[in-house]
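The values are calculated or read from the model by the stated rules, or taken from the named source; none is laboratory data. Keep in mind that this is a model prediction, so the values were computed, not measured. Here the Cβ positions follow ideal geometry from the backbone for every residue, glycine too, while neighbour counts run over all protein chains shown. We work out accessible area using only protein heavy atoms, side chains counted, and drop any ligands, DNA or RNA first. Shrake-Rupley method; radii C 1.70, N 1.55, O 1.52, S 1.80 Å.
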Amino acid sequence: MKITRQKHAKKHLGFFRNNFGVREPYQILLDGTFCQAALRGRIQLREQLPRYLMAETQLCTTRCVLKELETLGKDLYGAKLIAQKCQVRNCPHFKNAVSGSECLLSMVEDGNPHHYFLATQDQNLSMKVKKKPGIPLMFIIQNTIVLDKPSPKAIAFVKAVESGQLVSVHEKQSIKQLKEEQGLVRDPEQRRRRKRKKVSGPNPLSCLKKKKKTQDTNSSASEKKRKRKRIRNRSTSKVLSEKQNAEG
(Lines give C-alpha, C1' and ligand atoms only; values in the text may rest on other atoms or scores of the structure.)
Protein backbone atom coordinates (compact mmCIF):
# COMPACT_ATOMS: atom_id res chain seq x y z
CA MET A 1 0.00 0.00 0.00
CA LYS A 2 2.80 2.40 0.90
CA ILE A 3 4.76 1.61 -2.29
CA THR A 4 1.65 2.22 -4.43
CA ARG A 5 1.05 5.56 -2.69
CA GLN A 6 4.64 6.67 -3.35
CA LYS A 7 4.36 5.60 -7.01
CA HIS A 8 1.29 7.78 -7.43
CA ALA A 9 3.05 10.67 -5.72
CA LYS A 10 6.07 10.25 -8.00
CA LYS A 11 3.82 10.28 -11.07
CA HIS A 12 1.95 13.39 -9.94
CA LEU A 13 5.20 15.17 -9.07
CA GLY A 14 6.54 14.43 -12.55
CA PHE A 15 3.44 16.03 -14.05
CA PHE A 16 3.85 19.27 -12.05
CA ARG A 17 7.63 19.29 -12.49
CA ASN A 18 7.55 18.88 -16.28
CA ASN A 19 4.59 21.15 -17.01
CA PHE A 20 4.70 23.84 -14.31
CA GLY A 21 8.35 24.03 -13.25
CA VAL A 22 7.85 22.75 -9.70
CA ARG A 23 11.28 22.10 -8.23
CA GLU A 24 13.07 21.09 -5.04
CA PRO A 25 13.02 21.98 -2.25
CA TYR A 26 9.23 21.71 -2.36
CA GLN A 27 7.60 24.61 -0.54
CA ILE A 28 4.43 23.40 1.19
CA LEU A 29 1.97 26.01 2.49
CA LEU A 30 0.07 24.68 5.51
CA ASP A 31 -3.19 25.99 6.90
CA GLY A 32 -4.65 25.42 10.36
CA THR A 33 -6.89 22.52 9.30
CA PHE A 34 -3.92 20.53 7.94
CA CYS A 35 -1.89 21.16 11.11
CA GLN A 36 -4.84 20.03 13.23
CA ALA A 37 -5.26 16.84 11.18
CA ALA A 38 -1.54 16.10 11.50
CA LEU A 39 -1.78 16.58 15.27
CA ARG A 40 -4.73 14.23 15.58
CA GLY A 41 -3.09 11.59 13.39
CA ARG A 42 0.22 11.97 15.24
CA ILE A 43 1.97 12.63 11.95
CA GLN A 44 5.49 13.99 12.14
CA LEU A 45 5.37 16.32 9.14
CA ARG A 46 9.08 17.15 9.06
CA GLU A 47 9.96 13.46 8.82
CA GLN A 48 7.13 12.01 6.76
CA LEU A 49 6.72 14.68 4.06
CA PRO A 50 10.29 14.39 2.68
CA ARG A 51 10.02 10.62 2.84
CA TYR A 52 6.69 10.61 1.01
CA LEU A 53 7.72 13.10 -1.69
CA MET A 54 11.25 11.62 -1.88
CA ALA A 55 12.77 15.11 -1.84
CA GLU A 56 13.69 17.98 0.44
CA THR A 57 10.71 20.01 1.65
CA GLN A 58 10.11 23.34 3.36
CA LEU A 59 7.08 23.73 5.62
CA CYS A 60 5.63 27.21 5.23
CA THR A 61 2.68 29.27 6.41
CA THR A 62 1.61 32.94 6.56
CA ARG A 63 0.91 35.54 9.24
CA CYS A 64 -2.79 35.38 8.47
CA VAL A 65 -2.90 31.64 9.24
CA LEU A 66 -1.07 32.19 12.55
CA LYS A 67 -3.38 35.06 13.41
CA GLU A 68 -6.43 32.93 12.65
CA LEU A 69 -5.17 30.10 14.87
CA GLU A 70 -4.58 32.55 17.72
CA THR A 71 -8.13 33.89 17.53
CA LEU A 72 -9.64 30.36 17.53
CA GLY A 73 -8.35 29.78 21.05
CA LYS A 74 -7.37 26.69 23.06
CA ASP A 75 -9.02 24.12 20.80
CA LEU A 76 -6.39 24.71 18.13
CA TYR A 77 -3.45 25.41 20.43
CA GLY A 78 -1.56 22.31 19.25
CA ALA A 79 -2.14 23.22 15.59
CA LYS A 80 -0.84 26.71 16.33
CA LEU A 81 2.38 25.26 17.78
CA ILE A 82 2.92 23.22 14.62
CA ALA A 83 2.29 26.26 12.39
CA GLN A 84 4.64 28.43 14.47
CA LYS A 85 7.51 26.04 13.66
CA CYS A 86 7.00 26.62 9.93
CA GLN A 87 8.73 29.26 7.85
CA VAL A 88 6.57 32.37 7.56
CA ARG A 89 6.14 33.58 3.99
CA ASN A 90 5.28 37.23 3.36
CA CYS A 91 1.68 37.77 2.30
CA PRO A 92 0.07 40.98 1.00
CA HIS A 93 -2.05 41.37 4.15
CA PHE A 94 0.54 42.92 6.44
CA LYS A 95 -1.74 45.65 7.80
CA ASN A 96 -5.14 43.93 7.72
CA ALA A 97 -5.15 40.17 8.24
CA VAL A 98 -7.66 38.02 6.34
CA SER A 99 -8.84 34.43 6.79
CA GLY A 100 -6.28 31.68 6.35
CA SER A 101 -7.99 30.24 3.26
CA GLU A 102 -8.21 33.64 1.56
CA CYS A 103 -4.57 34.37 2.34
CA LEU A 104 -3.28 31.04 1.02
CA LEU A 105 -5.36 31.44 -2.12
CA SER A 106 -3.72 34.82 -2.75
CA MET A 107 -0.27 33.23 -2.38
CA VAL A 108 -0.86 31.01 -5.43
CA GLU A 109 -2.40 33.66 -7.69
CA ASP A 110 -1.02 34.59 -11.12
CA GLY A 111 0.08 31.09 -12.07
CA ASN A 112 1.72 30.19 -8.73
CA PRO A 113 5.11 31.76 -9.61
CA HIS A 114 6.78 30.51 -6.40
CA HIS A 115 5.65 26.91 -7.07
CA TYR A 116 3.92 26.41 -3.73
CA PHE A 117 2.20 23.18 -2.70
CA LEU A 118 -0.97 23.81 -0.74
CA ALA A 119 -1.82 21.51 2.18
CA THR A 120 -5.35 21.83 3.60
CA GLN A 121 -8.37 19.89 4.86
CA ASP A 122 -10.72 22.73 3.86
CA GLN A 123 -12.97 21.37 1.10
CA ASN A 124 -14.04 24.84 -0.05
CA LEU A 125 -10.41 25.95 -0.41
CA SER A 126 -9.53 22.71 -2.20
CA MET A 127 -12.26 23.25 -4.79
CA LYS A 128 -10.96 26.77 -5.49
CA VAL A 129 -7.39 25.51 -5.82
CA LYS A 130 -8.44 22.81 -8.30
CA LYS A 131 -9.83 25.53 -10.58
CA LYS A 132 -6.33 26.97 -10.92
CA PRO A 133 -3.76 24.96 -12.90
CA GLY A 134 -0.28 24.34 -11.57
CA ILE A 135 -0.94 24.07 -7.81
CA PRO A 136 -0.12 20.70 -6.18
CA LEU A 137 -2.74 19.97 -3.53
CA MET A 138 -2.12 17.87 -0.41
CA PHE A 139 -4.41 16.55 2.34
CA ILE A 140 -4.51 13.92 5.08
CA ILE A 141 -6.84 10.95 4.89
CA GLN A 142 -6.88 8.01 7.31
CA ASN A 143 -3.82 9.44 9.08
CA THR A 144 -1.76 9.36 5.87
CA ILE A 145 -0.50 12.23 3.71
CA VAL A 146 -1.74 12.23 0.13
CA LEU A 147 -0.69 14.30 -2.89
CA ASP A 148 -3.82 14.79 -4.96
CA LYS A 149 -3.80 13.89 -8.64
CA PRO A 150 -3.73 16.77 -11.17
CA SER A 151 -7.13 18.41 -11.52
CA PRO A 152 -9.07 18.36 -14.84
CA LYS A 153 -8.32 22.09 -15.10
CA ALA A 154 -4.57 21.41 -14.93
CA ILE A 155 -4.77 18.61 -17.51
CA ALA A 156 -6.82 20.76 -19.90
CA PHE A 157 -4.32 23.60 -19.48
CA VAL A 158 -1.39 21.34 -20.34
CA LYS A 159 -3.18 20.05 -23.43
CA ALA A 160 -3.86 23.63 -24.56
CA VAL A 161 -0.18 24.48 -24.11
CA GLU A 162 0.89 21.42 -26.08
CA SER A 163 -1.45 22.34 -28.93
CA GLY A 164 0.01 25.85 -29.03
CA GLN A 165 -3.11 27.63 -27.81
CA LEU A 166 -1.54 28.79 -24.53
CA VAL A 167 1.89 29.49 -23.07
CA SER A 168 2.54 28.28 -19.54
CA VAL A 169 4.04 30.49 -16.84
CA HIS A 170 7.06 28.19 -16.70
CA GLU A 171 7.67 28.62 -20.44
CA LYS A 172 7.28 32.40 -20.16
CA GLN A 173 9.89 32.48 -17.42
CA SER A 174 12.31 30.30 -19.40
CA ILE A 175 11.84 32.44 -22.54
CA LYS A 176 12.48 35.59 -20.54
CA GLN A 177 15.60 34.06 -18.99
CA LEU A 178 16.95 33.06 -22.40
CA LYS A 179 16.36 36.57 -23.75
CA GLU A 180 18.17 38.09 -20.78
CA GLU A 181 21.11 35.73 -21.29
CA GLN A 182 21.30 36.67 -24.97
CA GLY A 183 21.07 40.37 -24.09
CA LEU A 184 17.81 40.82 -25.98
CA VAL A 185 15.97 42.16 -22.93
CA ARG A 186 17.41 44.91 -20.81
CA ASP A 187 17.06 44.92 -17.10
CA PRO A 188 14.25 47.34 -16.11
CA GLU A 189 16.42 48.67 -13.28
CA GLN A 190 19.10 49.67 -15.79
CA ARG A 191 16.48 51.48 -17.86
CA ARG A 192 15.33 53.38 -14.82
CA ARG A 193 18.89 54.29 -13.95
CA ARG A 194 19.48 55.59 -17.45
CA LYS A 195 16.27 57.58 -17.48
CA ARG A 196 16.98 59.16 -14.12
CA LYS A 197 18.87 62.43 -14.48
CA LYS A 198 21.46 63.33 -11.91
CA VAL A 199 20.20 66.00 -9.57
CA SER A 200 22.91 68.64 -9.66
CA GLY A 201 23.12 71.94 -7.86
CA PRO A 202 22.83 75.32 -9.51
CA ASN A 203 25.58 76.43 -11.84
CA PRO A 204 27.95 78.68 -9.84
CA LEU A 205 28.39 80.95 -12.85
CA SER A 206 24.66 81.53 -13.01
CA CYS A 207 24.68 82.67 -9.39
CA LEU A 208 27.03 85.56 -10.16
CA LYS A 209 25.48 88.98 -10.53
CA LYS A 210 25.29 90.08 -14.10
CA LYS A 211 27.31 93.17 -14.91
CA LYS A 212 25.38 96.08 -16.26
CA LYS A 213 26.20 96.34 -19.92
CA THR A 214 24.97 99.90 -20.19
CA GLN A 215 27.51 101.14 -17.66
CA ASP A 216 30.31 99.23 -19.40
CA THR A 217 29.41 100.62 -22.80
CA ASN A 218 29.07 104.17 -21.45
CA SER A 219 32.40 104.00 -19.65
CA SER A 220 34.18 102.60 -22.71
CA ALA A 221 32.65 105.28 -24.91
CA SER A 222 33.69 108.06 -22.53
CA GLU A 223 37.24 106.72 -22.39
CA LYS A 224 37.41 106.69 -26.18
CA LYS A 225 36.20 110.31 -26.31
CA ARG A 226 38.86 111.36 -23.77
CA LYS A 227 41.58 109.67 -25.81
CA ARG A 228 40.37 111.42 -28.95
CA LYS A 229 40.39 114.80 -27.19
CA ARG A 230 43.91 114.20 -25.94
CA ILE A 231 45.06 113.29 -29.44
CA ARG A 232 43.39 116.42 -30.88
CA ASN A 233 44.86 118.67 -28.20
CA ARG A 234 48.28 117.23 -28.86
CA SER A 235 47.93 117.76 -32.62
CA THR A 236 46.70 121.40 -32.28
CA SER A 237 49.43 122.27 -29.82
CA LYS A 238 51.97 120.77 -32.19
CA VAL A 239 50.66 122.81 -35.11
CA LEU A 240 50.74 126.05 -33.06
CA SER A 241 54.29 125.46 -31.95
CA GLU A 242 55.39 124.84 -35.56
CA LYS A 243 53.76 128.15 -36.68
CA GLN A 244 55.49 130.05 -33.93
CA ASN A 245 58.81 128.63 -34.90
CA ALA A 246 58.22 129.49 -38.53
CA GLU A 247 57.32 133.13 -37.73
CA GLY A 248 60.29 133.46 -35.46
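Sort 123-130, 27-34 by the packing proxy (mean of other Cβ within 10 Å over each peptide's residues), most packed first.
27-34, 123-130
Heavy-atom accessible area per residue, the stretch 1-158, 1.4 Å probe: how many Å²?
Spelled out: the 1.4 Å probe surface of the stretch 1-158, per residue, equals 55 Å².
With a point put 7 Å past each Cα toward its Cβ, work out how far Leu81 is from Lys67 in nm, to one decimal.
2.5 nm
Quick one: which residues, 5 or more positions from Met138 or on another chain, have an amide H under 5 Å from its amide H? H modelled 1.01 Å from N in the peptide plane, none for Pro or chain starts.
Leu118, Ala119, Thr120, Asp148
Only bridges whose two residues both fall in the stretch 1-158 count here: according to DSSP, what percent of them are antiparallel, nearest 5?
Antiparallel bridges make up about 25 percent of those DSSP assigns within the stretch 1-158.
More than 20 angstrom separation, counting every C-alpha pair in the stretch 1-158; what % is that?
The calculated P(r) of the stretch 1-158 puts 46 percent of pairs beyond 20 Å.
Which pairs break 22 Å Cα to Cα here: Lys10/Lys159; Lys95/Lys153; Lys95/Lys130; Lys67/Lys131; Lys85/Lys153; Lys128/Lys153?
Where the Cα-Cα span goes over 22 Å, the pairs concerned are Lys95/Lys153; Lys95/Lys130; Lys67/Lys131; Lys85/Lys153.
How long is the gain from Lys95 to Gln123 if the chain were fully straight, where each residue apart is worth 0.36 nm and the alpha carbon distance is subtracted?
7.3 nm
For Gln27, which sequence-distant residues (separation of 5 or more, or a different chain) have an amide H within less than 5 Å of its own amide H, given hydrogens modelled in the peptide plane?
Gln58, Phe117
Figure the gain on full extension for Asp110 and Lys149 (residue separation times 0.36 nm, minus the Cα-Cα span) and round it to one decimal in nm.
That pair, Asp110 and Lys149, stretches by 11.9 nm at full extension.
Taking a 1.4 Å probe, which of Arg5, Arg42 shows the most accessible area, and what order do the others take after it?
Arg42, Arg5
Of Lys67, Lys11, Lys74, which has the most accessible area with a 1.4 Å probe, and how do the rest follow in descending order?
The ranking, largest first, comes out as Lys74, Lys11, Lys67.
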